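Novice: Let me begin by handing over the structure; questions about it come next.
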Amino acid sequence: MENVRVLKKLLTLTGWKQFFSVLDKKEKIIFFILFISTLISGSFLLSNFYFKNTELKPAQGGNFIEGVIGHPRFINPIYSELSDVDRDLTELIFSGLLKYNSEGEIVPDLAKDYKILEDGKVYEFYLRDDVFWHDGKKLSNDDVIFTIRTIQNPEIKSPLFPNWLGIKVEKIGDLGIRFKLKEPYSAFIERATVKILPEHIWKDVPLVTSNLNLMPVGSGPYQFKGLEQDERGEIVSLGLTANQKYFGKFPNISQISFKFFDAEDELMKSAKDGEIDNFLILSKDSKFLKDFAFQKYKFSLLGYFAVFFNPAKNKALAEKEVRAALNYGTNKDEILEKILGNQGKIVKSPILPELLNFKEPSNVYQFNLTKAKEILEKAGFTEKDARLQSPSAPADGGQGKRLKIIKKEPSFQLKSNLKSGSEGKEVEELQKCLAQDKEVYPLGKIDGRFDTLTKKAIIRFQEKYKIEGENGKVLAKTRTKINEICFPIQEEIIPLKFSLVTVEQPMLKETAFLLKKQWESLGAEVNIKTLDIKILEREIIKPRDYEALLFGEVLGRIPDPFPFWHSSQREFGFNLSDYKNKKADELLEAGRTELSPESRAQKYEDFQDVLLEDAPAVFLYNPDYIYLSSKKVNGIREGLITDPSKRFAGIEDWYIKTKRVWK
């Protein structure tokens, strides 16, 4: 009733300016309460309507700082394969005919279309006509041909050279490129993801020494902005900005800054201090990861770590039984738990099951210490106590160490009875033996005739060694003693001992020492050696100067184990185990020319069975890469990647800022 009275008063007024003068204090309070309630209700209804009919979408803007270990040298697709840092930058700055998307699929990039002709021996690509280099020049098929022919030039020494050997490239009109192969190659599509260089910048420039390697011009979603160097000349930071001329989906994030570190502990400290936003690390245990209040993304790398045996450098490892025993003596579950914190997968063969739905190999080395020891015993590698009976066996072999003693018949021994008048090769060798002892045969005459001087020497020999009943003749007892002294049975001692070399990197060092512990329980003696990656590749891997190597191999999305296991790749390729098997070669050759995924899978399944029977390596694990990102960066998608730089596949969908748009 009070509210009605107030409203009646209001309706009798001639103007709003006299409104408050007719209200008493209580009425004014009531009015303001009603007015504020109306505003709140209206705002709520409008806000509810707005939020129901709009949605958050990524917006352009923002920047983040990426921390990486190492420093850039060649931001150039011709050489970037040599460095993770260079590949990271190349991935963002350059484009290829094809590319990997965020789901690990190979999709068009510079090419709008491609064809596979002549049963896989000819590939044709047709370029988009809206692609420009960062400097404004238009990209053409001449740039593609220049890039491929530069890679194919042996004087350039590109690590991509083997991928393009024997492939002919030619122009088709203004936008087409044709590749001609000597034979069908199922994984060629993956080769076409190589990034393309601008010919107008590089055609008259020395690739290795040019400063342009650090001031790249590409056609990718981001372009070079600037860099900062320290007093040593090392690049410590580098900036990228979104490419305004980008032909694909324009990236949301405006700028990316890279900060470079010499070591992992420096990067970790910088992350804890809030100086970097994103960084990639190998799998670590959960306690380690809890130190970082970052969003964690998991990437599975298409590759594996293994111990590759080099039989040419170690006689024990040259025996298949020893390699098999080391496989059975490897506890991979323990390695996965202690080294990776169960952040990864055990690898059983060089063919990952994620590719082409491969079946598990029939010959899998399950951890079995008893079986491993039985194999070594059967192969003749006995433990210390069992070999002490051999006078040539070393006494300092170490507790529990094993070795194999091989008795070798001498190339020559006396086999005939010899006496005065005998002649020939045996008499000559007899005289040589006697001549070694001046007291027995002072004149040392060697003519192959058993004369009086030789007989007298035999008599002295028999007297010296108390041989009775043969009186200057070489009969059974004298012949046995002569053979024992001059033509003894040789013993070759093969210790179960080898060195294991790997990269000076925490995960691999820890793996190496755990393997050492496991294999020493078999009786093996293992010496660990760790080196900087550049020294390891140059001085150890390239000349194959190792007995066992703990190292990783990165695979493609389309499986092709040929470069890693074919006998032709032993000396200069990636065949790190010096592996040679005719049947394996045939299957590898057939697999890479087979275009049918089902038929190719069968060839590679057969190959892995052959390879595992020979046990040229111990396949260990495929670690997860953990990408830690400050929570301001969104849109990152986990998945399967072919190398660490492919975490940036789909970078155009990453975002920091958001905006609301009407549905």
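Novice: Which length gain, in nm to one decimal place, applies between PHE412 and GLU428 when the Cα-Cα distance is subtracted from 0.36 nm times their residue separation?
Specialist: Net length gain for the segment: 4.6 nm.
Novice: Let me have the 222 nm mean residue ellipticity of the chain computed from DSSP H runs of 4+ only, each contributing -39500 (n - 2.57), with the sum over all residues rounded to the nearest 500.
Specialist: Helix-only estimate at 222 nm: -9000 deg cm²/dmol.
Novice: A follow-up question, please. Can you tell me how much longer the chain between PHE132 and GLN60 gets when fully stretched, taken as 0.36 nm per residue apart minus their C-alpha distance, in nm with one decimal? Mind showing how you got there, number by number?
Specialist: Values: separation 72, 0.36 × 72 = 25.92 nm, distance 2.13 nm.
Here the answer is 23.8 nm.
Novice: Same structure again: Apply 1/(1 + (r/R0)^6) to the Cβ-Cβ distance of PHE367 and LYS466, taking R0 = 51 Å, and write down the FRET efficiency to the nearest 0.05. Before the final figure, lay out the partial values.
Specialist: Details: r = 58 Å, r/R0 = 1.13.
With a Förster radius of 51 Å, E is 0.30.
Novice: Taking the Cβ-Cβ separation of LYS180 and ALA590 as r and a Förster radius of 22 Å, what is the calculated FRET efficiency to the nearest 0.05? Numbers along the way, then the final one.
Specialist: Details: r = 21 Å, r/R0 = 0.96.
It comes out at approximately 0.55.
Novice: Here's a follow-up. Would you mind putting 654-661, 610-617 in packing order, based on average other-beta-carbon counts within 10 Å, highest first? Walk me through the numbers before you get to the answer.
Specialist: Working: 654-661: 15.8, 610-617: 21.4.
So the peptides 654-661, 610-617, ranked by packing, come out 610-617, 654-661.
Novice: Going down the table (LYS315/LYS425; LYS509/LYS580; LYS203/LYS603; LYS509/LYS582), which pairs top 31 Å between alpha carbons? All intermediate terms of the calculation are to be shown ahead of the outcome.
Specialist: Values: LYS315/LYS425 34 Å; LYS509/LYS580 29 Å; LYS203/LYS603 42 Å; LYS509/LYS582 35 Å.
Listed pairs above 31 Å: LYS315/LYS425; LYS203/LYS603; LYS509/LYS582.
Novice: Oh, and also: Mean Kyte-Doolittle of at least -1.0 and a Cα length of 27 Å or more along the axis: which whole DSSP H helices of the chain meet both? Intermediate values should be presented prior to the final figure.
Specialist: On the way: long enough: 25-52 (41 Å, 0.94).
Within the chain the helices that satisfy the rule are 25-52.
Novice: How compact and how long is the chain, expressed as Rg and Dmax of its alpha-carbon atoms in Å?
Specialist: 38.2, 162
Novice: Find, among the trypsin sites (Lys or Arg not before Pro) in the stretch 211-312, those assigned to loop by DSSP (not H, G, I, E, B) with at most 10 other beta-carbon atoms within 10 angstrom. Walk me through the numbers before you get to the answer.
Specialist: Numbers: sites: LYS225, ARG232, LYS245, LYS249, LYS259, LYS269, LYS272, LYS284, LYS287, LYS290, LYS296, LYS298; in loops: ARG232, LYS245, LYS249, LYS284, LYS290.
Here the trypsin sites (Lys or Arg not before Pro) that fit, given the DSSP loop and packing criteria, are ARG232, LYS290.
Novice: Under the definition of Cα pairs under 8 Å and six or more residues apart, what whole-number percent is the relative contact order of the chain? Don't jump to the answer; show the numbers that get you there.
Specialist: On the way: 1209 pairs, mean separation 141.2, N = 663.
It comes to 21 percent, rounded to a whole number.
Novice: Taking amide H atoms as placed 1.01 Å from N in the peptide plane, list the residues 5 or more away in sequence, or in a different chain, whose amide H sits under 5 Å from that of LYS99.
Specialist: For LYS99, whose amide H was placed from the backbone, the distant partners under 5 Å are VAL107, ASP109.
Novice: Over 32 Å between Cα atoms, which of LYS99/LYS296; LYS137/LYS259; LYS404/LYS438; LYS466/LYS497 qualify?
Specialist: Numbers: LYS99/LYS296 25 Å; LYS137/LYS259 30 Å; LYS404/LYS438 37 Å; LYS466/LYS497 43 Å.
Correct reply: LYS404/LYS438; LYS466/LYS497.
Novice: Where does each of ASP262, ASP86 land when they are ranked from fewest to most other beta-carbon atoms within 10 angstrom? Don't jump to the answer; show the numbers that get you there.
Specialist: Values: ASP262 12, ASP86 23.
Fewest-to-most Cβ neighbours within 10 Å comes out as ASP262, ASP86.
Novice: While we're here: What's the exposure ranking of ASP532, ASP273, going from fewest to most Cβ atoms within 10 Å? Present the calculation step by step, with values, prior to reporting the outcome.
Specialist: Details: ASP532 12, ASP273 8.
Lowest count first: ASP273, ASP532.
Novice: Take the alpha carbon atoms of the stretch 334-353, find their center, do the same for the stretch 248-281, and report the distance between the two centers in whole angstrom.
Specialist: So the separation of the two Cα centres works out to 27 Å.
Values in this text are rule-based calculations from the coordinates and carry no lab data. Only a predicted model underlies this, so the values are computations on that prediction, with no experimental measurement involved. When we count neighbours, we look across all protein chains shown, and the Cβ atoms used for this are built from the backbone with ideal geometry, even at glycine.
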